[in-house]
1. Compute the FRET efficiency between Asp242 and Arg392 as 1/(1 + (r/R0)^6), taking r as their Cβ-Cβ distance and R0 = 45 Å, and round to the nearest 0.05.
2. Suppose every K and R has +1 on its Cβ and every D and E has -1 on its Cβ; what is the size of the dipole of the range 190-275 about the Cα centre, in Debye to the nearest 20?
3. Note the full-extension length gain between Asp103 and Glu342 as 0.36 nm times their separation in residues minus their Cα-Cα distance, in nm to one decimal.
4. Taking +1 at the Cβ of each Lys and Arg and -1 at the Cβ of each Asp and Glu, which of Phe174, Leu128, Thr57 sits farthest along the dipole of the chain towards its positive end, judged by Cα position relative to the Cα centre?
5. Test of understanding: what is the full-extension gain from Phe163 to Tyr447, defined as 0.36 nm times their sequence separation minus their Cα-Cα distance?
6. Does the range 279-400 come out rounded, prolate or oblate, given a ≥ b ≥ c as the square roots of the eigenvalues of its C-alpha gyration tensor, rounded meaning a/c under 1.5 and, failing that, prolate meaning a/b above b/c?
7. Any of Lys38/Lys328; Lys56/Lys83; Lys56/Lys334; Lys304/Lys334 with alpha carbons more than 23 Å apart? Name them for me.
8. So, in nm, how far is label Glu263 from label Lys328 when the simple model puts each one 7 Å beyond its Cα toward the Cβ?
Amino acid sequence: MSTDKDKQASNQMWGGRFGSGPDAIMEEINASIDFDRKLYAQDIRGSLAHAAMLAKTGIITAEDCDKISHGLNTILSEIEDGKFVFSRRLEDIHMNIESRLADLIGPAAGRLHTARSRNDQVALDFRLWVKEELGRTEASLTRLISAFLDKAEEHADTVMPGFTHLQSAQPVTFGHHCMAYVEMFGRDRERVRHAIEHMDESPIGAAALAGTGFPIDRAMTAAALGFREPTRNSIDTVSDRDFALEFLSLSAICAMHLSRLAEEIVIWSTPQFGFVRLSDAFSTGSSIMPQKKNPDAAELVRAKTGRINGSLIALLTIMKGLPLAYSKDMQEDKEQVFDAAESLELSLAAMTGMVRDMEIRADRMRAAAGSGFSTATDLADWLVREAGLPFREAHHVTGRAVAMAEERGCELAELPLADLQSINPAITEGIYDVLTVDASVASRQSYGGTAPAQVRSQIARWRAWT
């Protein structure tokens with residue numbers, strides 16, 4: 001419940017022009033403390049750096065700086081110990097902390113806000129939070145990549161069907177399939193690293209939008225807060241949320257990759273495929289059907305992609321019509337980012353656990369690898385290589401062989417030589433050397449191909465990077 005003291009503090013923070021406190025509805029729509037309290041550590045860290053800079057440049061005294069620093073560290077302990085009382089009347093995390101600082105140290109607290117605005121303060125807090133979250137995302141992606149590398153190494157020779165249009169296409173190895181996801185999540189990790197590089201600029205010192213007349217040292221605060229350099233335009237600084245949009249964009253792409261993997265896990269774990277068995281840790285049962293083992297973790301990862309995509313679209317829509325510089329609309333940026341970050345972090349952790357724990361049923365994969373005439377391309381390639389046929393003619397001959405095998409209900413390798421020669425007399429016994437799935441896989445020696453030697457080469461390359 002709001003107190004008279006809260007109302008008085010609120011007016012002291014921003015209300016010199018206003019004769020009374022905000023209406024209850026205005027208070028409700030204006031307050032952000034319910035979600036931006038998550039930025040408390042970043043807010044205090046930024047204020048400590050700002051106070052140190054103000055003291056060094058002579059804008060405030062060393063004595064006031066010491067009081068401010070002691071008070072801020074006391075508040076940090078109070079929040080982390082669960083003793084801090086947050087007030088919605090004080091709107092946001094910045095004013096909650098400043099009000100408590102005034103309680104602790106008196107008038108010196110009012111000097112902390114010299115040469116800054118809530119506009120550059122929130123830009124700083126939010127950047128710091130997103131930068132830290134990107135570091136956590138990078139670490140999570142590295143763990144997922146490592147899990148896939150282990151699986152790929154274990155199954156570099158395990159044959160499975162490769163698909164296009166979800167139809168059997170050509171035999172591949174499960175190790176090669178795993179390495180496709182390594183490439184995907186590797187690109188995601190690079191996007192994370194690029195995002196950190198793009199946003200590695202300190203906003204503090206831009207003030208409301210025009211900079212400040214005080215002799216501040218922005219390079220000092222940038223270095224103290226771990227940024228590469230200060231931002232270069234004060235108007236852009238307080239109105240920019242590209243760093244948040246970039247985080248949401250890379251999160252949406254990564255979530256899409258996770259969703260594709262989740263879909264495959266759902267399919268592979270069905271009795272009809274039976275390629276994998278999920279551990280009990282990442283499955284649930286049915287309340288009515290005792291035989292069921294549902295891939296709920298994969299399904300929830302697949303669903304969370306929708307939440308992350310929605311967060312990206314929401315923030316793009318919030319920002320699309322805003323004139324420079326700051327507008328209150330931008331208060332709606334944080335919940336989208338916080339929700340997407342939580343969803344992505346949880347999805348990455350769940351998928352890493354599923355990949356590490358899932359049992360690969362190599363026998364079922366091998367049995368399926370030769371279905372659907374998956375070595376037909378090998379027959380066509382053999383006709384080009386050994387019989388000298390143009391590929392288009394070899395394709396036609398192979399199509400006739402597939403039709404014959406389909407009519408007889410057998411695989412290509414089970415067709416008698418005489419029958420194959422009735423389609424094209426250039427076919428010899430040597431054709432049977434390429435019609436097995438193992439021969440097909442082993443022949444794909446081109447760089448990036450599915451041959452086990454190539455798979456192991458790519459694993460070694462990635463291990464050197466990870």
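The values are calculated or read from the model by the stated rules, or taken from the named source; none is laboratory data. On a predicted model such as this, the values are computed, not experimentally measured, just so you know. Neighbour counts run over all protein chains shown; Cβ positions are idealised from the backbone, glycine included. Remember, those area values only see protein heavy atoms, side chains included, never the ligands or the DNA or RNA. Shrake-Rupley method; radii C 1.70, N 1.55, O 1.52, S 1.80 Å.
1. 0.35
2. So the dipole magnitude of the range 190-275 works out to roughly 80 debye.
3. 82.6 nm
4. Selected residue: Thr57.
5. 100.3 nm
6. Verdict is oblate for the range 279-400.
7. Long pairs (Cα-Cα over 23 Å): Lys56/Lys83; Lys56/Lys334.
8. 4.3 nm
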